[in-house]
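Here is the structure we will look at.
The values are calculated or read from the model by the stated rules, or taken from the named source; none is laboratory data. The shown structure was predicted, so the numbers you read here are calculated from the model rather than taken from an experiment. Glycine also receives a Cβ, built like all others from the backbone with ideal geometry; neighbour counts cover every protein chain displayed.
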Amino acid sequence: MSTLIYSVRYRPMRVGWCVRDGDIASLTKAFRLSHCLWGGRFNPIIVVDNEELARHLIELFHVDGLFPAGEDEQCRTFAKGMKHLPWPTYHEGLFEDSGNRKGCTLLDIYHPVRSFYEEHVKEKSIPTRKTMLCRWTERDPCAGAFEAMFGSYPVAGQCDIDYWQFVIEYAAGKEMEIAADGALDGSVVRAATPNQLTTLELKPELGYGSYESGLFVGEADSFSHLVEFWNLRAADVDLLFFDPRFGKRFGPLVEELERSIRSLPPHPQWGAQHLQLWLKSRLTDDELKSFTAPIGIREVKESTWDDRVWQGLKVNPTTMYFSHHDTVAQISEGERTPTVTLQLGQKPWFNDHPTRGQHLVVTLKPTLNFSQDDRFLFSVPHIPELNEYFGRKHHLHWNQARAERDGLGIITELDTEYITLWGMERFSLFEHLFKTFGIAIELRQPGLVCEQLIRQMGGLQGCRAFKIEGVRKLIEQFGPTQTFTRSDAMRLIANVDPNGRADFSAYEDLYIEPRDKGLLKPDDAFAYLLKQGVFRVGIELECTSCQLKFWRSLDDAKTLVICEYCGREFNVAPQLKGEKWVYRPSGLFGRADHQEGGVPVALTLQQLDTVTHGRCLSWLPAINLKPITAPIKACETDFVLLDQGFHGRVQLVIGECKTNKEITDEDVHNLSKVADALPSGRFDVFIVFAKAGREFTPEEIQRCRAADSKIRRRTILLSMRELEPYFVYERAEKEFSVQGHAASFEGMVKATRDIYFEPRPKIQRPRSQ
């Protein structure tokens, strides 16, 4: 039985609050709703008026669902328009009737408050820690900044849950009044405010930036400034708001923040830590000094905030999670579609009756796959546009699946004990992928042949034997009715010249299957082909009646044989002398069409799989591509391969493979148009041209170079020199200044430039006398 090992991670659902530009009332509502949710501080504000930026923030923050914070029709229309982010519950609200009360549909602060209570309040004569609930008047000019910075809750009746009173009762809540013109209490910097409560027990993913604590300098009553401040903190930037117009009010806050930063130990790499100052625009040294001196700031680091901060220049939002563990799942392969069922382990929340209907996200990623069947996938590429497909085909709940950088997120209820996943058929996945971006695909006959060929060889890595030129010649030379002896096979595989000299040295280190020791020999390669059923052994017999010769396989051989031509029976024993055993191609290798060109395709896919260390998600050989809405011509590709980089970036490889035929202008033009049609914001597309026979001509090289786009290089050339070694550039590095191995498709693009397009021959140093 096949086994999968899954990494299971739990996290709160990330909500994007949809608001209209300038709508302070809806913005305030979004702040308050966020403070009701566990992880709510990390839910971004999406201003729908600027659709391009709004879509970018949804992508950047990896939003799981959109919620209109106001009653504005434009917000509802925008949220509905994000088809790949359907609201995961049947009732599209945050609060629903639960018996005689209303309950929150997402993880709310019951859980962190309960943890706070268990640790700091329960059975304590004096709480070891208290929460701080700040009050201010709605007329306070800094009310917006206080809402975003400290947090408050919807008034009782708006959500039928009095979170304010709940925090006072169970988290030792202490109320603090902020006078309309009074200075802030510096102790609030370290206090457990409603905003801070939403972050308890959450951890950031590894691999994302950490930011120094700092001040956001803006206007407390400005809609755009409040949105920028909130979203920076939602990206896990630790900030407090500062309005220079009310310097005296914010002064104690700044003083306490700087004191806190100065008390931190130096960073082992960057040294002493300084307060980070986030400004609308850069200040001159004099302006900076005149700004910081009155409020007592000594040393700062400057950053600017505007729309550019979200273009990957300064901030990369992380995803917050509770905990994770690994679990083993068995693949049930008795059904038409294989399935796995995972038992969820210890959960990091309180599964009490009032909260069981609340939803969270369980992220599932197969880390090890001990299945030999590659027809079905359990790994999900990070293509959110396919969320509904993943929900219907992989999870069977169309609105609850979310493609993530690190697996598949399933939005499910707290009391879920098991999750069942169905394998996704490879062609179906690629069909929906291309259809989503305006291209229809269909399998070609050569693709069916190639896929079966790869399966017969035991998978992509089982195709390593095709690296041996003599093996390829042996397969190509003999048709389905032709026979050959073992000596014939050895001469071809060992590359014996007319003078009887063999040249097999280039393949002696090739690993095709386990062997005790020593170098690979031609006989080992031929034995491997026999094990994989590439050739069948038999005997050539001569009928004693009609004198015609025919071949009979070992499985069918017996003492008395019936002639295929005249039908007479005769005894074969007298003919069994000398070297009578001969071989014929079998199965697909016995086809008269040279496997529809499947061998060079299989060899190319094997080499690409080796470069990615076997982590490629899926592949498909030989498909036709037709336009639906994409600006392409009907064409074909010899293969398509799907991979995902370490940072969740999806990579798609399309290719043209030849043995001896020439790469044409049409080949280059058609694949270039397909690559251009796939959105660069979602995919890194690479184009491979491979030749397993003749070398590339200078004209072909120039032709292939045109496949690079105007903005990025994406072309990879692979000849026998690159396809035959285990490490793709093992031979090329002897001639050119390249590394012998490549760890990525980007590395292969660079090597292609250094070998073919802008050759960098290796300088031969003269030997010392």
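Residues in the range 610-652 that are under 24 Å from V749 (Cα atoms), hydroxyl-bearing (S, T, Y) and part of a loop (DSSP other than H, G, I, E, B): T612 alone.
In this structure, L510 does not satisfy being without any contact (Cβ under 8 Å) to a residue 12 or more places away in the chain, surrounded by 12 or more Cβ atoms within 10 Å (Cβ to Cβ) and part of a loop (DSSP other than H, G, I, E, B).
Only one of L257, L253 is of a type in the set (A, V, I, L, M, F, W, C), under 18 Å from L279 (Cβ atoms), in a helix (DSSP H, G or I) and in contact with a Gly (Cβ under 7 Å, 6 or more places away or on another chain); which? Steps first, please.
Values: L257 fails: in contact with a Gly (Cβ under 7 Å, 6 or more places away or on another chain).
Going through L257, L253 in turn, just one is of a type in the set (A, V, I, L, M, F, W, C), under 18 Å from L279 (Cβ atoms), in a helix (DSSP H, G or I) and in contact with a Gly (Cβ under 7 Å, 6 or more places away or on another chain): L253.
Every condition in (1) modelled with pLDDT under 95; (2) surrounded by 15 or more Cβ atoms within 10 Å (Cβ to Cβ); (3) over 30 Å from P384 (Cβ atoms) is met by F689 except one, and the failing one is (1).
Where strands (runs of 3 or more DSSP E) sit wholly within the range 303-417, those with at least 1 residues that are in contact with a helix residue (DSSP H, G or I) (Cβ under 8 Å, 6 or more places away or on another chain) and at pLDDT 80 or above occupy 401-404, 407-413.
Of all residues in the range 460-490, those that are outside any helix (DSSP H, G or I), surrounded by fewer than 19 Cβ atoms within 10 Å (Cβ to Cβ) and at pLDDT 90 or above total 0. Across the range 672-712, the number of residues qualifying as within 26 Å of E52 (Cα to Cα) and either hydrophobic (A, V, I, L, M, F, W, C) or without any contact (Cβ under 8 Å) to a residue 60 or more places away in the chain (or both) comes to 13. For the range 606-614, state whether one or more residues are crowded, with 20+ Cβ neighbours inside 10 Å and over 18 Å from the mean Cα position of the chain (by Cα). Yes, that holds for at least one residue.
The single condition from (1) outside any strand (DSSP E or B); (2) at pLDDT 95 or above; (3) touching a helix residue (DSSP H, G or I) at 6+ places or on another chain (Cβ under 9 Å) that L671 fails is (3).
Would you say G81 is of a type outside the set (K, R) and in contact with a helix residue (DSSP H, G or I) (Cβ under 6 Å, 6 or more places away or on another chain)? In short, no. Per the listing E746, E724, E735, the residue uniquely of a type outside the set (S, T, N, Q), more than 28 Å from H669 (Cα to Cα) and surrounded by 12 or more Cβ atoms within 10 Å (Cβ to Cβ) is E735. For the range 220-237, filtered to residues that are touching a strand residue (DSSP E or B) at 6+ places or on another chain (Cβ under 7 Å) and either in a loop (DSSP other than H, G, I, E, B) or over 17 Å from P44 (Cα atoms) (or both), the residue that is modelled with the lowest pLDDT is D236.
Here's the yes/no breakdown for (1) under 40 Å from the mean Cα position of the chain (by Cα); (2) of a type outside the set (D, E); (3) surrounded by fewer than 20 Cβ atoms within 10 Å (Cβ to Cβ):
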{"position": "A145", "(1), (2), (3)": "yes, yes, no"}
{"position": "F150", "(1), (2), (3)": "yes, yes, no"}
{"position": "D162", "(1), (2), (3)": "no, no, yes"}
{"position": "M176", "(1), (2), (3)": "no, yes, yes"}
{"position": "G182", "(1), (2), (3)": "no, yes, yes"}
{"position": "G186", "(1), (2), (3)": "no, yes, yes"}
{"position": "P194", "(1), (2), (3)": "yes, yes, no"}
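Would you mind stating whether D181 is part of a loop (DSSP other than H, G, I, E, B), under 30 Å from D97 (Cβ atoms) and in contact (Cβ under 8 Å) with a residue 24 or more places away in the chain? Considered against the rule, which asks whether it is part of a loop (DSSP other than H, G, I, E, B), under 30 Å from D97 (Cβ atoms) and in contact (Cβ under 8 Å) with a residue 24 or more places away in the chain, D181 comes out as no.
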